[in-house]
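Report on one structure; see the data block that follows.
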Amino acid sequence: MSHIPFSGPAKRLTDHRFLNLFTTEMHTKDGLQPWIFASRKKDPMSGSFQPDAVVLIVVVAGADEARLVVTREFRGPLGRYELAFPAGLVDEGETPTGAAARELFEETGLTLTKVVLVSPPVSSSAGLTDESACLVYGEATGTISKAHLEEHEDIDTRLMTLAEIRNLIQNPQGDLFSVRLYTTLIGFLTAGKIALPSAALAVDPRNPR
């Protein structure tokens, strides 16, 4: 009978507000393997697996073609700017679509008008953290604004055409791509268009699930 690995209870190593280090032991066929990881949860490995965050793959309609919402944000751990999608944490009691609408407005000034797909929670970097996020695909309208950014946030928002995406991939200018952004951009370039999942899957953000 083959051995099925599992992880033991998590023990907290730090005490910070938003993110902490924990240690656990992985029980494998070769014995116990200690593992330190980061978590936003108060009680990791409790059996409940709710999304910590949302990531927004959002387009804004243009006169000629749809434009993708891309952010450029300074990230302390990287020590440089990251090109990414709008994203943020899900507050207690919030739905993914509710968090997505709030975060999009706070980071970009845009209003989420349609959600066409919400993914299940997907892992972020499983070797380092148990953080998970829901990918929220949708449409937005409005004018870009920095008026609602938090004091520590340094974010520029871009509305990018397919031609601009191609140029960005070819000339990144020293910024670091988030893995979610890069893989999505390559997908759009391969398809030859910026396109969301089928509208048949649409969710009304005013009636979130």
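No value in this document is a laboratory result; all are computed from the given coordinates. The model shown is predicted, which means the values in this text are computed figures rather than measured ones. Counting neighbours? That spans all protein chains shown, and the Cβs are built from the backbone with ideal geometry, glycine included.
Backbone geometry of region 154-171 corresponds, through the Karplus equation with coefficients 6.51, -1.76 and 1.60 at θ = phi - 60°, to 3J(HN,Hα) couplings of 10, 10, 10, 10, 10, 10, 10, 7, 4, 5, 5, 5, 4, 5, 5, 4, 7, 9 Hz, x marking Gly and Pro. Computed from Cα positions, the angle between helix 96-108 and the longest principal axis of the chain comes to roughly 60 degrees.
Quick check: from the Cα gyration tensor, does region 107-155 come out rounded (a/c under 1.5), prolate or oblate? Oblate, because a/c is 1.5 or more while a/b does not exceed b/c. Centre-to-centre separation between the Cα atoms of region 146-179 and those of region 104-136: 17 Å.
Only beta bridges with both residues in the chain are counted; by DSSP, about 80 percent of them are antiparallel. Each stretch of four or more DSSP H residues adds -39500 (n - 2.57); spread over every residue of the chain, this sum gives -5000 deg cm²/dmol at 222 nm.
Ignoring the sites themselves, the chain has its longest run without chymotrypsin sites (Phe, Trp or Tyr not before Pro) in a DSSP loop having at most 14 other Cβ atoms within 10 Å at 50-209. Annotation for region 102-205: GluC sites (Glu not before Pro) lying in DSSP loop with at most 16 further Cβ atoms inside 10 Å of their Cβ are E150, E151, E153.
About its Cα centre, the chain has a charge dipole of approximately 400 debye under the convention of +1 per Lys or Arg Cβ and -1 per Asp or Glu Cβ, with nothing else charged. Projecting the Cα atoms of V58, L110, T28 onto the dipole axis of the chain, where Lys and Arg carry +1 and Asp and Glu carry -1 at the beta carbon, places T28 farthest toward the positive end.
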